[in-house]
Amino acid sequence: QVQLVESGGGLVQAGGSLRLSCAASGSIFSAAVMGWYRQVPGNQRDLVATITNSGTTNYADSVKGRFTISRDNAKNTVYLQMNSLKPEDTAVYYCKLTFVTLYYWGQGTQVTVSS
């Protein structure tokens, strides 16, 4: 069983920065694809960024050049550095671990960007 615990969310002014962290339990982290997703109430959960076990990254067009995903396999942790935040980045951010056919979600962390 894998547990994911996100942290680092909060309230920030437009143009500011936040760094989200997601710590994973278990032994499959280093082999897994890690991702960050976000969801606004009433909308679907959307991809923000992913990183493979070899470090290949992928970003939604809306965050390219502003957000950076990274991972530390020694700490079983994935990060999302968010810069130049905009009010439209306001959402609950979720961490996801995918390993072959298995996937796990964290509980989410709220990010609110004020204008």
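The values are calculated or read from the model by the stated rules, or taken from the named source; none is laboratory data. Given the structure is predicted, the values throughout are model-derived calculations rather than measurements. Every residue, glycine as well, gets a Cβ built from its backbone with ideal geometry; the counts of neighbours run over all protein chains shown. Areas reflect the complete protein model, heavy atoms only, side chains present, ligands, DNA and RNA absent. Shrake-Rupley method; radii C 1.70, N 1.55, O 1.52, S 1.80 Å.
Near K75, which aspartates and glutamates are there with a Cα under 18 Å away, not counting those fewer than 8 places off in the same chain? Counting by Cα, and skipping residues close in sequence, K75 has these aspartates and glutamates nearby: E6.
Per-peptide packing, taken as the mean over residues of other Cβ atoms within 10 Å, places 62-68, 33-39 in the sequence 33-39, 62-68 from highest down. Rolling a 1.4 Å probe over the protein heavy atoms leaves L102 with an accessible area of roughly 80 Å².
Once the mean of 1/r is taken over each pair of separate Cα atoms and inverted, the chain shows a Kirkwood hydrodynamic radius of 14.0 Å. Distance between the 7 Å Cα→Cβ label points at S70 and Q1: 3.3 nm.
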